[in-house]
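The block underneath contains the structure these notes are about, expressed in structure tokens.
The values are calculated or read from the model by the stated rules, or taken from the named source; none is laboratory data. These numbers were taken from a predicted model, which means no experiment stands behind them. Cβ sites come from the backbone with ideal geometry, for glycine too, and all protein chains shown count toward neighbours. These area figures cover heavy atoms from the full protein model, side chains too; ligands, DNA and RNA do not enter into them. Shrake-Rupley method; radii C 1.70, N 1.55, O 1.52, S 1.80 Å.
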Amino acid sequence: MEKSVVKINRRIKEVLGSTTLAITARAKELQSKGIDVVNFGAGEPDFDTPDTIKQAAIKAIEGGFTKYTPSTGTIDLRKAIAAKFKKDNNLEYTPNQIAVSCGAKHSIFNLIQVLIDEGDEVLIPTPYWVSYPEMVKIAGGTNVFIQTGWDTGFKLTPAILEKHITSKSKILFINSPSNPTGVVYSKDELQDIVRICVKHQIYMISDEIYEKLIYDTDQYTSVAALGKDAYDLTITVNGVSKAFSMTGWRIGYAAGPQEIMDYVKNFQDHSTSNPTSISQAAALAALQLPDDDIIVMRDEFKKRRELMMALVEDLPEIRYIRPDGAFYLFCDVSKIGDSDVIAKKILDEVNVAVIPGSGFGAPNFIRFSFATSEERIKEGIKRIGQWIKSQSGS
Ligand code: PMP
Ligand code: GLU
């Protein structure tokens, strides 16, 4: 390869592209060529955005709501988010403590930019969502991965956390339900983790984007709701992508201590400015909907989870982590081989898209998304089963 003359920023050079986005794009490309791909790659609900939400956006366009808004969102939307936090999470945030951004991904990106100095350490329980470490690299921070495994149910424990803390530890990521494992922390487990963070004065970014998709309990615990100490150190991130099937609309939000959120506002003032006015109108309508649509979607995901677990159970070479939430089945495939190779072969040879675990810091694993119909789940697992059999014969 010819040596490049382009002088790229040294931090950006280290940043990897997103595996989740790459495979989802490749699956869609194959589909557009008429290939019958079963897509277990997608990290987005397959349901359509509810009609009431779409109508609110159409009304916004027709009514001329197409101009700049305040950088971190309209006051109406921030009030609705504050009301949501109060109702669902028992959290008191004023609209000024809330910043609306272009997706929860953007909210987290902003927070990392605002909080991280060169060399600060960010504690990331592993497996993790693909974008966390790359965002930290962009900001010049240092990733400290905390490996979790079968022994603790892929959950962080106070003892493991404590071992990784240094004088440079600045932020801990908490993601419950987790992408990619689906693991959900109980209130007691979160309380134990918060205690350690309070002791060492470490900020917590609580990524609650899958909050509405929990299957075995109705009790969701928000980290910031665990007392004043927790509240003062936590920035809560959420959005409308998963709960309302609005991934393409790009609306997420963060809420936290006033001083931090003031800097987030300043930062956003000079980067994206406001997220799209029309999407904000749609998100406002979404937050005003009764929970019925969400419950229908959640119940459907729950059925698919049961089906997916039952079918994978029949594949002795694969061991899965039971997902209490989100819509992913994270599977150990190390008995079959290298997960990057497996994911590539499954897509090329039997046209099933899955995400290899390497991007989540778990190279022995593969992520299956069950955000697809029961019929496609059956078809996809059947193909994978046949593919595994064909491998043992070769
Ligand atoms: N956090 C997690 C854990 C995710 O899986 C995602 C991906 N959808 C996001 C944040 C970002 O979601 P969005 O930007 O669509 O709001
Ligand atoms: N978060 C989803 C996923 O993990 C969507 C893709 C992305 O933004 O990473 O698949």
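Data overview
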read-out	value
Failed item in (1) open to solvent by less than 60 Å² (accessible area, probe 1.4 Å); (2) closer than 27 Å to ARG298 by Cα; (3) not small (Gly, Ala, Ser), with VAL15 passing the rest	(2)
Elements of type helices (runs of 4 or more DSSP H) in the stretch 141-234, at least 2 residues being in contact with a Cys (Cβ under 6 Å, 6 or more places away or on another chain)	none
Flag for ILE124 being in contact with a helix residue (DSSP H, G or I) (Cβ under 6 Å, 6 or more places away or on another chain), within 16 Å of ligand 2 (Cβ to nearest atom) and either open to solvent by less than 30 Å² (accessible area, probe 1.4 Å) or not small (Gly, Ala, Ser) (or both)	yes
Qualifying position, being open to solvent by 30 Å² or more (accessible area, probe 1.4 Å) and under 21 Å from ASP232 (Cα atoms), among ASN110, ASN90, ASN143	ASN90
Pairs, first within 16 Å of ligand 2 (Cβ to nearest atom) in the stretch 164-179, second open to solvent by 10 Å² or more (accessible area, probe 1.4 Å) and at pLDDT below 95, C-beta under 8 Å, six or more apart	ASN179/GLY43
Pairs where the first residue, in the stretch 209-225, is more than 20 Å from PHE327 (Cβ to Cβ) and more than 15 Å from ligand 2 (Cβ to nearest atom) and the second is open to solvent by 40 Å² or more (accessible area, probe 1.4 Å) and part of a loop (DSSP other than H, G, I, E, B), C-beta under 7 Å, 6+ apart	ALA225/ASN90
Subset tally (residues that are within 18 Å of TYR203 (Cα to Cα), within 16 Å of ligand 1 (Cβ to nearest atom) and part of a strand (DSSP E or B)) for the stretch 94-122	3
Close pairs (8 angstrom Cβ cut-off, 6 or more residues apart or separate chains): within 16 Å of ligand 1 (Cβ to nearest atom) in the stretch 125-146, of a type in the set (D, E, K, R) and open to solvent by less than 20 Å² (accessible area, probe 1.4 Å) anywhere	TRP129/ASP207
Index of the failed condition, GLY34 passing every other in (1) outside any helix (DSSP H, G or I); (2) over 27 Å from ALA286 (Cβ atoms); (3) touching a residue at least 24 places away in the same chain (Cβ under 8 Å)	(3)
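Yes/no matrix, rows are residues, columns are (1) under 26 Å from PHE267 (Cα atoms); (2) part of a helix (DSSP H, G or I); (3) within 16 Å of ligand 2 (Cβ to nearest atom); (4) modelled with pLDDT under 95:
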residue	(1), (2), (3), (4)
ILE23	no, yes, yes, yes
GLY43	no, no, yes, yes
LYS54	no, yes, no, no
LYS67	yes, no, no, no
LYS84	yes, yes, no, no
